[in-house]
């Protein structure tokens, strides 16, 4: 075992006995198996094709603490902004009941922190929790050290009128947190789930989050992940969905913070007439790095997927998109569209894009593409000719580029949250707010 892995073995030794469910034999064994896999494989390196453009060497060399309870009341109040919803708040990887407000739920809906759900829902959690061999070695580290997360179970035909907000706050600088969220929508159920990731300014914390969703027949889930952590933070995230007949899954990934952020997002169609929307927006500046890896598995006939990711890159930042659509043999009637567009605000910014189609069926309609470019000179001249200074004109065109992704978020309160977040990041954001 290399020296950069020993701290994680020590962390497991300190935390294992205190993790929720530590007394459950199968869970304790699974955590140990997962840790053993991580220690055997180590951190992914650029020698692995899926990590070719993303190096975790700085993360592997960093040191982290366990963290401690910190007051976050003001942050949570500001984040809620008076919006209605069912709020679960996790601070440094631990459920915070005082800051949370789950509220009233209809019959058949369960919204709990995972640490409390073990008592009454252990069997359902076990079916969805995952296996040590799933995903990359980083997935195994999450499985070994996950301290808490959200457990959401929607009964047959249950429809929530307001979103479920999962707020994950990194309050302690230099701390590492691992969360695991489980979402199960039974037949005909409908809900919107929002994951917020925030932290304290200049904190070099490490958040690793895994979200596992299962959608039964005709279920509809809209999922928005809004990552707004410190520009010195590290963030690794995974979203894995399994869709049954006639289900609809919308994934909106908005990545605006962290010095390095990696998002692995996948869905699998296990029956006919499934539909999915993958919509992504990311902004990186300075020397920050963001990587989106996606997989849409068209295993069954007559399914539809639309995927669009947009990136805004400034200074010497680096954006990576690798999207794979797999159309299996017999998946006739597949309709799949994939696109990645990158806007470079600097000559030194870099974008690597790899949209990919892998098709083993004949009767399909599939398309993919990618563009990388700068602000259009003619559009800039047009705005300048109307009396705008160059900085304001550039910000308007940059925001217009982002707005195409934001517009795909149907819920107006959530769309407004993302709009405000983007405006605040742009150099002339205050002018845009005023406009």
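For the stretch 384-414, filtered to residues that are touching a strand residue (DSSP E or B) at 6+ places or on another chain (Cβ under 8 Å) and not in a helix (DSSP H, G or I), the residue that is nearest to residue 308 (Cα to Cα) is 408.
Exactly one residue among 287, 259 is surrounded by fewer than 24 Cβ atoms within 10 Å (Cβ to Cβ) and outside the structural domain of residue 240 (by TED's automatic domain parsing), and that residue is 287. Of the residues making up the stretch 393-414, just one is more than 22 Å from residue 342 (Cβ to Cβ) and buried (at least 17 other Cβ atoms within 10 Å of the Cβ), namely 414. Within the stretch 1-44, the only residue that satisfies the criterion of being part of a loop (DSSP other than H, G, I, E, B), out of contact with any helix residue (DSSP H, G or I) (no Cβ under 8 Å at 6 or more places or on another chain) and within 24 Å of residue 113 (Cα to Cα) is 23.
Checking each residue in the stretch 194-203 for being surrounded by fewer than 24 Cβ atoms within 10 Å (Cβ to Cβ) and within 14 Å of the chain's Cα centre (by Cα) picks out 194, 195, 196, 198. Taken together, the criteria exclude residue 73 from residues that are touching a strand residue (DSSP E or B) at 6+ places or on another chain (Cβ under 6 Å) and more than 16 Å from residue 205 (Cβ to Cβ). Output yes when any residue across the stretch 21-37 is crowded, with 16+ Cβ neighbours inside 10 Å and at pLDDT below 95, and no when none is. Scanning the stretch 21-37 turns up at least one residue that is crowded, with 16+ Cβ neighbours inside 10 Å and at pLDDT below 95. Please tell me if residue 420 is over 30 Å from residue 190 (Cα atoms) and either at pLDDT 90 or above or not assigned by TED's automatic domain parsing to the domain that holds residue 195 (or both). No. Just wondering, is there one or more residues in the stretch 102-110 that are part of a helix (DSSP H, G or I), in contact (Cβ under 8 Å) with a residue 40 or more places away in the chain, surrounded by fewer than 14 Cβ atoms within 10 Å (Cβ to Cβ) and assigned by TED's automatic domain parsing to the domain that holds residue 219? Checked against the condition, which is being part of a helix (DSSP H, G or I), in contact (Cβ under 8 Å) with a residue 40 or more places away in the chain, surrounded by fewer than 14 Cβ atoms within 10 Å (Cβ to Cβ) and assigned by TED's automatic domain parsing to the domain that holds residue 219, the stretch 102-110 yields no hits at all. The single condition among (1) in contact (Cβ under 8 Å) with a residue 40 or more places away in the chain; (2) surrounded by fewer than 19 Cβ atoms within 10 Å (Cβ to Cβ); (3) farther than 26 Å from residue 123 by Cα that residue 57 does not satisfy is (1). Only residues that are within 17 Å of residue 306 (Cα to Cα) and either within 12 Å of the chain's Cα centre (by Cα) or in contact (Cβ under 8 Å) with a residue 60 or more places away in the chain (or both) were counted in the stretch 270-283, giving 5. For residue 47, the conditions (1) out of contact with any helix residue (DSSP H, G or I) (no Cβ under 8 Å at 6 or more places or on another chain); (2) more than 28 Å from residue 140 (Cβ to Cβ) all hold with the exception of (2). Summed over the stretch 243-267, residues that are in contact with a helix residue (DSSP H, G or I) (Cβ under 9 Å, 6 or more places away or on another chain) and either within 15 Å of residue 303 (Cα to Cα) or part of a loop (DSSP other than H, G, I, E, B) (or both) total 2.
Residues in the stretch 227-237 include none that are in contact (Cβ under 8 Å) with a residue 60 or more places away in the chain, surrounded by fewer than 24 Cβ atoms within 10 Å (Cβ to Cβ) and within 27 Å of residue 334 (Cα to Cα). Taken across the stretch 331-348, residues that are in contact with a helix residue (DSSP H, G or I) (Cβ under 6 Å, 6 or more places away or on another chain) and closer than 20 Å to residue 406 by Cα do occur, with at least one present. Scanning the stretch 303-317 for residues that are more than 15 Å from residue 268 (Cβ to Cβ), over 18 Å from the mean Cα position of the chain (by Cα) and surrounded by fewer than 24 Cβ atoms within 10 Å (Cβ to Cβ) yields a total of 3. Within this structure, residue 171 passes the test of being buried (at least 21 other Cβ atoms within 10 Å of the Cβ), at pLDDT below 95 and either farther than 22 Å from residue 98 by Cβ or in the same structural domain as residue 257 (by TED's automatic domain parsing) (or both).
A quick yes/no check of all residues on (1) surrounded by 23 or more Cβ atoms within 10 Å (Cβ to Cβ); (2) more than 14 Å from residue 188 (Cα to Cα); (3) over 15 Å from the mean Cα position of the chain (by Cα):
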{"residue": "207", "(1), (2), (3)": "yes, yes, no"}
{"residue": "212", "(1), (2), (3)": "no, yes, no"}
{"residue": "218", "(1), (2), (3)": "no, no, yes"}
{"residue": "225", "(1), (2), (3)": "no, yes, no"}
{"residue": "246", "(1), (2), (3)": "no, no, yes"}
{"residue": "255", "(1), (2), (3)": "yes, yes, no"}
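The values are calculated or read from the model by the stated rules, or taken from the named source; none is laboratory data. Keep in mind that what you see is a predicted model, and the values were worked out from it rather than measured. Heads up, the Cβs are rebuilt from the backbone with ideal geometry, glycines too, and the neighbour counts pull from every protein chain shown.
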